[in-house]
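What follows is a short report on a single structure.
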Amino acid sequence: MKRKAQPVRVDKELWSRSSKQSLAYDFAPKTYEDRSYKCWRCGGAATFTADEQKRTYEIRKAYIWQSRLLCPTCWTEEQSIAQQLRSFAADWKQNKRTLVKNRNFLAEWLRLLELHPKYRGRS
């Protein structure tokens with residue numbers, strides 16, 4: 001049996017400016033608690049832990065109503081694809097004249113462009 005994690009204290013003064021201006025600021029709970037969810041891409045069970053919530057909202061300053069949709073594995077895959085797409089775009093910007101004739105480059109870029117929305121909710 002998995003033991004339930006301890007709640008983590010909320011410090012809403014560390015939230016982003018937009019989070020402080022939201023209704024959540026006035027009605028914030030005293031603690032973050034683990035939240036279970038189902039990854040909408042792979043369907044696997046995942047948990048947005050209390051510690052991750054604290055890091056997300058108080059350190060990274062993400063908007064307080066932001067929630068997790070992807071499990072850690074799918075999120076990592078999405079981030080990798082996004083990085084590869086940025087690299088392809090940069091290569092294209094620098095070397096368009098030669099890459100326009102490179103079928104392998106264009107095919108791989110197209111594959112990534114078609115794959116990426118499947119992680120972003122726009123499939």
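The values are calculated or read from the model by the stated rules, or taken from the named source; none is laboratory data. Fair warning: this is a prediction, and the values are worked out from it, not measured in the lab. Cβ placement follows ideal geometry from the backbone for every residue including glycine, while neighbour counts extend to all protein chains displayed. Protein only, heavy atoms only, side chains kept; ligands, DNA and RNA dropped before computing areas. Shrake-Rupley method; radii C 1.70, N 1.55, O 1.52, S 1.80 Å.
Data for the structure
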quantity	calculated
Any hit, the stretch 4-15, residues being in a loop (DSSP other than H, G, I, E, B), open to solvent by 70 Å² or more (accessible area, probe 1.4 Å), at pLDDT below 95 and out of contact with any Gly (no Cβ under 7 Å at 6 or more places or on another chain)	yes
Hey, Ala62 more than 20 Å from Ala5 (Cα to Cα), over 19 Å from the mean Cα position of the chain (by Cα), surrounded by 14 or more Cβ atoms within 10 Å (Cβ to Cβ) and in contact (Cβ under 8 Å) with a residue 24 or more places away in the chain or not	no
Counted residues, the stretch 29-47 - those being β-branched (Val, Ile, Thr) and surrounded by fewer than 14 Cβ atoms within 10 Å (Cβ to Cβ)	1
Residues of the stretch 16-53 classified as assigned to a strand (DSSP E or B) and basic (Lys, Arg), total	2
Given (1) exposed (fewer than 12 other Cβ atoms within 10 Å of the Cβ); (2) at positive phi; (3) modelled with pLDDT of 95 or more, number of the condition Gly121 does not satisfy	(3)
Check on Cys74, closer than 30 Å to Leu112 by Cβ and open to solvent by less than 60 Å² (accessible area, probe 1.4 Å)	yes
Any hit, the stretch 30-50, residues being in contact (Cβ under 8 Å) with a residue 60 or more places away in the chain and of a type outside the set (S, T, N, Q)	yes
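The rows are residues; the columns are (1) over 18 Å from the mean Cα position of the chain (by Cα); (2) at pLDDT below 95.
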| site | (1), (2) |
| --- | --- |
| Thr31 | yes, no |
| Ala45 | no, no |
| Ala50 | no, no |
| Gln66 | no, yes |
| Cys71 | no, no |
| Leu112 | no, no |
